[in-house]
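One structure below.
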Amino acid sequence: MNIAEQKIWDYLDGKLSSQEKLLIEDLIETDPFYKTAFEELKSLNDDLALLELDEPSMSFNRNVMEKVAFEPVPGSIKSLIDKRIVNGISAFFLLTIVSLLLILFLVIDWSSLPRATGNQLDLLEFNYSGLWSSTVINTFFFIDVILAILFIDGFVRKRIASKKLKNI
Amino acid sequence: MRNNLSDSELIGKILAGDKPAYAGLVARHQRFVFTLALRFVRSREDAEEIAQDSFIKAFRFLNNFKQNSKFSTWLYSIVYTTAMTHLRKKRPDVYLINDGDGSAFFDIASEQGSDKLEHKSKMAYVNLAINELFPGDAAIITLFYQGEQSLEEIGRQLSMETKTVKVKLHRARLRLKDKLTSLLAHEVGELL
């Protein structure tokens, strides 16, 4: 690059020491080459400084905020959970369960098991009434109530988030 | 009023759980982020996608922003890396950067009239010349002039030494000047 041009750019950017500044100002005044180069570069510099910014679409902010609504608050515990770790743990447990089942099936001596015939395996004779104790029914209702509360909580949170977005 | 709050005040609110406060940050920086994204891709749709992704990433990692630099400096570095990733994914688009003949701009420029129109056409030429630069050169010019970032701040965003940024900026302006000269020569040729 032309050294004279570089010096002029440094001068325009305000990157010269006071001594260098005086020197270049003197050159611009006395040397026609420096004068022409300075006028050209200053004109370009002024044009660049006046450049206007482009405008994104009207819905840009709304689109961003719609996506942000589904993101956890930065820094919250939820945001710190790495999905890869969760997936890794699930994969580990899944693999362990599958391996255990495989080992179990391989270890079992199938020939020693009594053969099931239509008469021996009478499923209809199983006593189901014993299952319907008050404890089972209470547990069943308790789980239902918990699920209902979770569903209502999720529903209300979504409604609040969408209301907030509309107010932006 | 959210508009009166500084960037760091808005960030404090967001980190305290006020997610809608992020809209204030987006509104404040969206024009520059979009303009910077446009320096890497030609289509406005792609630029909007880059700008949106950058804002989402910035939100996700907002707690990592240490506030020892300007929020804009940190945000623009995210835009830069997001745009580079986008370019790597859509490689063929890179070559589109130089394919415009600028006819739309010549139409504006050929109209003679008020100072405003002259200014508009001049700016159109400068914009066109910037669009014809390599994305890296265009980004440095945009960050320096439109983003009002210092050489040190640009260096932080692009992971470069300040000296390297200075040399790159000089070269980019030199190329821009050449592009502008050839564009204007083309216009004179058209008129003759």
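The values are calculated or read from the model by the stated rules, or taken from the named source; none is laboratory data. Please read these numbers as outputs of a predicted model, since none were measured by experiment. A quick note on method: Cβ atoms are made from the backbone with ideal geometry, for glycine too, and the neighbour counts reach across all protein chains shown. These area figures cover heavy atoms from the full protein model, side chains too; ligands, DNA and RNA do not enter into them. Shrake-Rupley method; radii C 1.70, N 1.55, O 1.52, S 1.80 Å.
Quick notes on this structure:
- Annotation: of all residues in segment A:1-17 being of a type in the set (G, A, S) and more than 11 Å from chain B (Cβ to nearest Cβ), the one that is farthest from B:R171 (Cα to Cα) is A:S17.
- All of (1) facing chain A (nearest Cβ under 10 Å); (2) within 22 Å of A:E71 (Cα to Cα) hold for B:W74 with one exception: (1).
- Hey, B:S6 without any contact (Cβ under 8 Å) to a residue 12 or more places away in the chain and more than 9 Å from every other protein chain (Cβ to nearest Cβ) or not: yes
- Restricted to segment B:157-182, and to residues there that are more than 12 Å from every other protein chain (Cβ to nearest Cβ) and under 16 Å from the mean Cα position of the chain (by Cα), the residue that is nearest to B:F65 (Cα to Cα) is B:Q157.
- Count of segment B:59-72 residues which are outside any helix (DSSP H, G or I) and among the charged types (D, E, K, R): 2
- If the condition is being more than 23 Å from A:A161 (Cβ to Cβ) and among the polar types (S, T, N, Q), then segment B:1-56 contributes B:N4, B:S6, B:S8, B:T35, B:S43.
- Among the residues of segment B:24-58, those that are of a type in the set (G, A, S), open to solvent by 10 Å² or more (accessible area, probe 1.4 Å) and assigned to a helix (DSSP H, G or I) comprise B:G24, B:A27.
- Positions within segment A:56-78 being more than 9 Å from chain B (Cβ to nearest Cβ) and either touching a residue at least 60 places away in the same chain (Cβ under 8 Å) or β-branched (V, I, T) (or both), in sequence order: A:E66, A:I77
- Evaluation of B:T73 against (1) closer than 19 Å to B:I11 by Cα; (2) modelled with pLDDT of 90 or more; (3) β-branched (V, I, T) (one fails), failing number: (2)
- Qualifying residue in segment A:18-33 (condition: polar (S, T, N, Q), more than 10 Å from chain B (Cβ to nearest Cβ) and under 23 Å from B:T181 (Cβ atoms)): no
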